[in-house]
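The values are calculated or read from the model by the stated rules, or taken from the named source; none is laboratory data. What you are looking at is a predicted structure, and each value in this text was computed from that prediction instead of being measured. Because the Cβ atoms are built from the backbone with ideal geometry, glycine has one as well, and the counts that use them run over all protein chains shown. Please note that ligands, DNA and RNA were not included when accessible areas were found on the heavy atoms of the full protein model with its side chains. Shrake-Rupley method; radii C 1.70, N 1.55, O 1.52, S 1.80 Å.
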Amino acid sequence: MSEACCDNPKLMKNIVILISGGGSNMAAIVRAAQTQSWEKRFGARVAAVISNRPDAQGLVFAQKQGIPTQTIDHTSFASRASFDQALSVAISQYDLPTQPALVVLAGFMRILTPAFVAQFEGRLINIHPSILPAFPGLHTHQRAIDAGCMFAGATVHRVTAELDFGPILAQAVVPVLANDTEQSLAARVLTQEHLIYPSAVRALISG
Ligand code: GAR
């Protein structure tokens, strides 16, 4: 990566992170980018954090890091398609023909339309709190406990039109303990998410 590239923000590989809540996975990626010097080494940076909820706590962290943030409140759109269209427009300013953006769903709790997925397919990834293909959808930790699973975990995968189903990029496994609650299991899984998601993003931007 030449100096000229990294000095010119337009030529950066932009990572756009979509969140809905706490944003701890986003924060883990931002911290990895900082501590591992992704900008210097790979010409990549977290260019923007976009939330569909105005009260998402992750926005505060991103703003403190000086990362541009944007809220596109899904409740003010009449349809899923019109929300996704607005999202696509917001992302497009970081998405150059010569440097397509990597779009990272990090606790983004929206089902995306096939048109949106098709637009970003190949560079749209998600983290899901289960060992896919087990337990797609919601309440993964309680479902794992109820099913008597001995292990739970998380999966980073490419996003395809089918919910929580795309090709797997990384997985982590944790034990389910006898006295686990949904909360305790979620917390154990989340610590692993914070390791595998930055590492999967790094593999994509450096590869
Ligand atoms: C994470 O556990 C993530 O895997 C999950 O939401 C949490 C978000 O936490 N995502 C999904 O359930 C998506 N289907 P965070 O906002 O602190 O990163």
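Would you check if there is a residue in the range 189-205 being under 27 Å from Lys13 (Cα atoms), in contact with a His (Cβ under 7 Å, 6 or more places away or on another chain) and open to solvent by 60 Å² or more (accessible area, probe 1.4 Å)? So far as the range 189-205 goes, no, none of its residues is under 27 Å from Lys13 (Cα atoms), in contact with a His (Cβ under 7 Å, 6 or more places away or on another chain) and open to solvent by 60 Å² or more (accessible area, probe 1.4 Å). Every test in (1) more than 16 Å from the ligand (Cβ to nearest atom); (2) surrounded by 20 or more Cβ atoms within 10 Å (Cβ to Cβ); (3) closer than 15 Å to Gly21 by Cα is passed by Ile91 save one, and that test is (3). Of the residues examined, Pro114 is one that is within 18 Å of Leu18 (Cβ to Cβ), surrounded by fewer than 18 Cβ atoms within 10 Å (Cβ to Cβ) and over 17 Å from the mean Cα position of the chain (by Cα). Here the condition is being away from the ligand (no atom under 16 Å from the Cβ), among the small types (Gly, Ala, Ser) and closer than 21 Å to Pro175 by Cα; of Gly137, Gly122, Gly148, it holds for Gly148 alone.
Give the residue that is least open to solvent (accessible area, probe 1.4 Å), with candidates limited to residues of the range 67-88 that are among the hydroxyl-bearing types (Ser, Thr, Tyr) and away from the ligand (no atom under 16 Å from the Cβ).
To start, the set of residues in the range 67-88 that are among the hydroxyl-bearing types (Ser, Thr, Tyr) comprises 69, 71, 75-76, 79, 82, 88.
After this cut, where a residue has to be away from the ligand (no atom under 16 Å from the Cβ) as well, the list is 75-76, 79, 82, 88.
On the way: Thr75: 103, Ser76: 87, Ser79: 54, Ser82: 43, Ser88: 11 Å².
Here the residue is Ser88.
All conditions in (1) modelled with pLDDT of 95 or more; (2) touching a Leu at 6+ places or on another chain (Cβ under 8 Å) hold for Thr191, with the sole exception of (2). If the condition is being surrounded by 19 or more Cβ atoms within 10 Å (Cβ to Cβ) and within 15 Å of the ligand (Cβ to nearest atom), then the range 48-66 contributes Val49, Ile50, Ser51, Asn52, Arg53, Ala56, Gly58, Leu59, Phe61, Ala62.
Only one of the numbered conditions (1) open to solvent by less than 40 Å² (accessible area, probe 1.4 Å); (2) among the polar types (S, T, N, Q); (3) free of Cβ contacts under 8 Å to residues at least 40 places away in the same chain is violated by Asn126, and that is (3). Of the residues making up the range 95-110, just one is surrounded by fewer than 16 Cβ atoms within 10 Å (Cβ to Cβ) and either touching a Ser or Thr at 6+ places or on another chain (Cβ under 9 Å) or at pLDDT 95 or above (or both), namely Met109.
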